[in-house]
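The values are calculated or read from the model by the stated rules, or taken from the named source; none is laboratory data. Because the structure is a prediction, the values reported are computed rather than measured. Note: ideal-geometry Cβ built from the backbone for every residue, glycine included; neighbour counts use all protein chains shown. Ligands, DNA and RNA are stripped out before the accessible areas are found, and what is left, the full protein with its side chains, is counted by its heavy atoms. Shrake-Rupley method; radii C 1.70, N 1.55, O 1.52, S 1.80 Å.
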Amino acid sequence: PGNMVSLVLAFLLLGLSRNVYRNLASPNQVMNTSFDSLKLVNTYGAFGSVSKERKEVVLEATMAEDFSNPSALWEEYSFKCKPSGVRRRPCVLAPWHLRLDWLMWFAAFGENVNRYPWLVSLMDKLLSDPSAVSGLLEKLPFEGKPPKAVRATLYDYKFANATEGGAWWRRERVGEYCGPL
(Lines give C-alpha, C1' and ligand atoms only; values in the text may rest on other atoms or scores of the structure.)
Protein backbone atom coordinates (compact mmCIF):
# COMPACT_ATOMS: atom_id res chain seq x y z
CA PRO A 1 0.00 0.00 0.00
CA GLY A 2 2.81 2.45 0.84
CA ASN A 3 4.43 1.88 -2.56
CA MET A 4 1.11 2.48 -4.31
CA VAL A 5 0.61 5.80 -2.46
CA SER A 6 4.15 6.85 -3.41
CA LEU A 7 3.52 5.94 -7.03
CA VAL A 8 0.25 7.89 -7.15
CA LEU A 9 1.89 10.92 -5.53
CA ALA A 10 4.80 10.73 -7.99
CA PHE A 11 2.43 10.70 -10.99
CA LEU A 12 0.40 13.54 -9.49
CA LEU A 13 3.54 15.60 -8.99
CA LEU A 14 4.74 14.86 -12.53
CA GLY A 15 1.36 15.91 -13.91
CA LEU A 16 1.35 19.13 -11.92
CA SER A 17 4.93 19.84 -13.03
CA ARG A 18 4.26 19.83 -16.78
CA ASN A 19 3.96 23.65 -16.84
CA VAL A 20 7.17 23.94 -14.85
CA TYR A 21 8.97 21.85 -17.49
CA ARG A 22 7.46 23.94 -20.29
CA ASN A 23 8.69 27.05 -18.51
CA LEU A 24 12.21 25.62 -18.16
CA ALA A 25 12.34 24.97 -21.92
CA SER A 26 10.97 28.41 -22.79
CA PRO A 27 13.25 31.24 -23.94
CA ASN A 28 11.08 33.52 -21.75
CA GLN A 29 11.42 31.71 -18.42
CA VAL A 30 9.42 33.02 -15.50
CA MET A 31 11.18 32.76 -12.13
CA ASN A 32 9.71 32.50 -8.64
CA THR A 33 6.25 31.57 -9.89
CA SER A 34 3.74 28.90 -8.89
CA PHE A 35 2.04 26.96 -11.66
CA ASP A 36 -0.93 25.41 -9.87
CA SER A 37 -3.66 26.70 -7.59
CA LEU A 38 -2.41 24.66 -4.63
CA LYS A 39 1.10 26.08 -5.07
CA LEU A 40 2.61 22.60 -4.91
CA VAL A 41 5.00 23.06 -7.83
CA ASN A 42 6.86 26.18 -8.77
CA THR A 43 10.05 27.64 -10.14
CA TYR A 44 12.61 29.26 -7.96
CA GLY A 45 15.73 31.03 -8.98
CA ALA A 46 17.96 33.45 -7.19
CA PHE A 47 19.02 34.65 -10.63
CA GLY A 48 17.04 34.51 -13.84
CA SER A 49 20.15 34.12 -15.95
CA VAL A 50 23.81 33.27 -15.67
CA SER A 51 26.36 35.76 -16.92
CA LYS A 52 29.50 34.98 -18.91
CA GLU A 53 31.71 36.69 -16.38
CA ARG A 54 31.94 36.68 -12.62
CA LYS A 55 34.01 37.95 -9.77
CA GLU A 56 35.75 35.37 -7.60
CA VAL A 57 37.57 35.61 -4.29
CA VAL A 58 40.70 33.47 -4.43
CA LEU A 59 42.40 32.44 -1.19
CA GLU A 60 46.18 32.29 -1.38
CA ALA A 61 48.88 31.32 1.10
CA THR A 62 52.63 31.65 1.39
CA MET A 63 55.40 30.03 3.39
CA ALA A 64 57.61 33.12 2.99
CA GLU A 65 58.70 34.64 6.29
CA ASP A 66 58.63 38.08 4.66
CA PHE A 67 55.25 37.80 2.96
CA SER A 68 55.21 41.55 2.21
CA ASN A 69 58.13 41.02 -0.19
CA PRO A 70 56.83 41.20 -3.79
CA SER A 71 58.92 38.12 -4.66
CA ALA A 72 57.09 35.98 -2.05
CA LEU A 73 55.50 32.94 -3.70
CA TRP A 74 51.73 32.69 -3.10
CA GLU A 75 49.83 29.48 -3.83
CA GLU A 76 46.06 29.14 -4.29
CA TYR A 77 43.71 27.02 -2.26
CA SER A 78 41.63 24.82 -4.57
CA PHE A 79 37.96 24.50 -3.77
CA LYS A 80 35.89 21.51 -4.78
CA CYS A 81 33.84 23.28 -7.40
CA LYS A 82 34.35 27.04 -7.65
CA PRO A 83 36.54 28.45 -10.44
CA SER A 84 40.20 28.78 -9.58
CA GLY A 85 42.94 27.91 -12.06
CA VAL A 86 42.18 28.95 -15.64
CA ARG A 87 42.47 25.38 -16.95
CA ARG A 88 39.90 24.02 -14.51
CA ARG A 89 36.69 22.87 -16.22
CA PRO A 90 33.50 24.41 -14.80
CA CYS A 91 31.95 22.14 -12.21
CA VAL A 92 28.29 21.14 -12.50
CA LEU A 93 26.45 19.63 -9.54
CA ALA A 94 23.00 20.97 -10.43
CA PRO A 95 20.67 21.40 -8.77
CA TRP A 96 22.96 21.41 -5.71
CA HIS A 97 25.72 23.75 -4.62
CA LEU A 98 28.63 23.13 -2.34
CA ARG A 99 27.92 25.52 0.51
CA LEU A 100 31.39 27.01 0.96
CA ASP A 101 31.97 27.40 -2.78
CA TRP A 102 28.57 29.13 -3.05
CA LEU A 103 29.37 31.43 -0.12
CA MET A 104 32.73 32.33 -1.67
CA TRP A 105 30.93 33.39 -4.84
CA PHE A 106 28.53 35.58 -2.85
CA ALA A 107 31.44 37.09 -0.92
CA ALA A 108 32.79 38.37 -4.26
CA PHE A 109 29.70 40.60 -4.55
CA GLY A 110 30.98 42.59 -1.57
CA GLU A 111 33.78 45.11 -1.76
CA ASN A 112 35.87 43.54 0.98
CA VAL A 113 35.87 40.95 3.72
CA ASN A 114 34.25 43.17 6.38
CA ARG A 115 30.73 41.92 5.55
CA TYR A 116 31.79 38.27 5.74
CA PRO A 117 33.23 37.41 9.16
CA TRP A 118 32.96 33.69 8.35
CA LEU A 119 35.62 34.24 5.65
CA VAL A 120 38.04 35.76 8.16
CA SER A 121 37.38 32.75 10.42
CA LEU A 122 38.14 30.39 7.53
CA MET A 123 41.38 32.23 6.76
CA ASP A 124 42.33 32.13 10.43
CA LYS A 125 41.68 28.37 10.53
CA LEU A 126 43.84 27.90 7.42
CA LEU A 127 46.64 29.67 9.31
CA SER A 128 46.29 27.81 12.58
CA ASP A 129 44.97 24.33 11.72
CA PRO A 130 44.42 23.65 8.01
CA SER A 131 43.45 20.03 8.69
CA ALA A 132 40.31 21.27 10.48
CA VAL A 133 38.93 22.68 7.23
CA SER A 134 40.64 20.40 4.70
CA GLY A 135 37.39 18.52 4.04
CA LEU A 136 35.85 21.73 2.68
CA LEU A 137 38.58 22.18 0.09
CA GLU A 138 39.84 20.14 -2.82
CA LYS A 139 43.52 20.59 -2.03
CA LEU A 140 45.69 22.31 0.55
CA PRO A 141 48.99 23.81 -0.58
CA PHE A 142 52.19 23.00 1.35
CA GLU A 143 51.09 19.40 2.05
CA GLY A 144 48.62 20.67 4.63
CA LYS A 145 51.20 22.50 6.77
CA PRO A 146 50.09 25.86 8.21
CA PRO A 147 51.32 28.74 6.04
CA LYS A 148 52.96 31.92 7.28
CA ALA A 149 50.22 34.10 5.80
CA VAL A 150 46.86 33.84 4.01
CA ARG A 151 45.27 36.52 1.84
CA ALA A 152 42.21 36.91 -0.38
CA THR A 153 42.47 38.38 -3.86
CA LEU A 154 39.55 39.41 -6.06
CA TYR A 155 39.62 38.32 -9.71
CA ASP A 156 37.32 38.91 -12.66
CA TYR A 157 36.69 35.60 -14.47
CA LYS A 158 35.39 35.29 -18.02
CA PHE A 159 34.91 32.24 -20.17
CA ALA A 160 37.88 31.72 -22.47
CA ASN A 161 37.60 31.28 -26.22
CA ALA A 162 38.22 27.89 -27.81
CA THR A 163 41.45 29.31 -29.26
CA GLU A 164 43.03 29.88 -25.84
CA GLY A 165 44.89 26.58 -25.62
CA GLY A 166 42.77 24.49 -23.27
CA ALA A 167 41.94 27.29 -20.84
CA TRP A 168 38.34 27.43 -19.64
CA TRP A 169 38.71 30.86 -18.04
CA ARG A 170 40.44 34.16 -18.53
CA ARG A 171 41.01 36.01 -15.32
CA GLU A 172 42.22 39.43 -14.40
CA ARG A 173 43.27 40.57 -10.95
CA VAL A 174 40.87 43.21 -9.67
CA GLY A 175 42.67 43.86 -6.39
CA GLU A 176 43.15 42.94 -2.78
CA TYR A 177 40.03 41.66 -1.06
CA CYS A 178 41.63 40.95 2.30
CA GLY A 179 45.26 41.67 3.06
CA PRO A 180 47.57 39.01 4.50
CA LEU A 181 46.67 37.61 7.91
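The figures follow:
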item	result
Prolate/oblate/rounded label for the chain (Cα gyration tensor, a/c 1.5)	prolate
Total formal charge among the other residues, if their Cβ is under 9 angstrom from that of residue 61, Lys/Arg +1 and Asp/Glu -1	-1
Unpartnered cysteines - no second Cys beta carbon under 4.7 Å - across the chain	178
List 156, 66, ordered by accessible area with a 1.4 Å probe, largest first	66, 156
Local electrostatic count at residue 83 - Lys and Arg +1, Asp and Glu -1, tallied over other residues with Cβ under 15 Å	+4
Overall form of segment 79-181 per C-alpha gyration tensor (a/c, 1.5; a/b vs b/c)	prolate
Sequence of 67, 79 when ordered by accessible area, the most exposed leading, probe 1.4 angstrom	67, 79
The chain: relative contact order in percent, alpha carbon pairs under 8 Å with at least 6 residues between	23 percent
DSSP bridge orientation in the chain - percent antiparallel, rounded to nearest 5	100 percent
Computed accessible area, residue 38, all protein chains, 1.4 angstrom probe, square angstrom	130 Å²
Å² per residue, accessible surface of segment 25-152 at 1.4 Å	63 Å²
Förster-model FRET efficiency, 30 Å R0, residue 63 and residue 98, C-beta, rounded to 0.05	0.65
14 Å beta-carbon shell around residue 16, net charge (K/R +1, D/E -1)	+2
Apportionment of accessible area to carbon and sulfur, the chain, percent (1.4 Å)	57 percent
